[in-house]
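First up is the structure itself, then whatever we jot down about it.
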Amino acid sequence: MAVEDEDVRAELESMRSSIDNIDAALVHLLAERFKCTQRVGRLKAEHNLPPADPEREGRQIARLRSLALDVDLDPAFAEKFLTFIIDEVIRHHEAIRDS
């Protein structure tokens with residue numbers, strides 16, 4: 001293997017290590033987020049509030065799209081990601097309500 005190939009491989013491994021660390025941080029952040037939303041779901045269930053809040057969801061999507069633009073992330077991707085999370089949260093809130 002040429003020295004250049006070794007340098008490229010080492011740089012690639014370093015970048016991948018950073019990506020792995022970021023992925024781990026994302027998982028931990030998502031876990032914390034869902035702990036918070038579980039508490040929200042219980043509070044909503046106790047007070048007969050609906051599992052979904054379309055007004056808040058709209059505000060959050062607009063906010064995340066704006067943040068995405070600020071950091072040069074595709075706002076459509078940010079919206080898809082948040083929508084996926086919101087859908088899961090609503091599913092959890094419905095399960096809490098129905099239990």
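The values are calculated or read from the model by the stated rules, or taken from the named source; none is laboratory data. As the structure is a prediction and not an experimental result, all values here were calculated from the model. Glycine gets a Cβ as well: all are built from the backbone with ideal geometry, and neighbour counts include every protein chain shown.
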Quiz item: Conditions: (1) out of contact with any Phe, Trp or Tyr (no Cβ under 8 Å at 6 or more places or on another chain); (2) surrounded by 10 or more Cβ atoms within 10 Å (Cβ to Cβ); (3) among the hydrophobic types (A, V, I, L, M, F, W, C). Ala68 meets all but one. Number of the miss?
Solution: (1)
Quiz item: Just checking, which of Leu12, Leu43, Leu30 is in contact (Cβ under 8 Å) with a residue 40 or more places away in the chain and exposed (fewer than 14 other Cβ atoms within 10 Å of the Cβ)?
Solution: Leu30
Exercise. Collect the residues in the stretch 45-63 that are small (Gly, Ala, Ser) and farther than 17 Å from Arg91 by Cα, keeping them in residue-number order.
Key: Gly58, Ala62
Self-check item: Among (1) surrounded by 10 or more Cβ atoms within 10 Å (Cβ to Cβ); (2) over 18 Å from Glu94 (Cα atoms); (3) modelled with pLDDT of 95 or more - the single one Asp7 does not satisfy
Solution: (3)
Quiz item: In the stretch 1-44, what count of residues is obtained for those that are assigned to a helix (DSSP H, G or I) and either in contact with a Ser or Thr (Cβ under 8 Å, 6 or more places away or on another chain) or more than 30 Å from Ser99 (Cα to Cα) (or both)?
Solution: 23
Quiz item: Name the residues in the stretch 52-99 that are hydroxyl-bearing (Ser, Thr, Tyr) and assigned to a helix (DSSP H, G or I), would you?
Solution: Ser66, Thr83
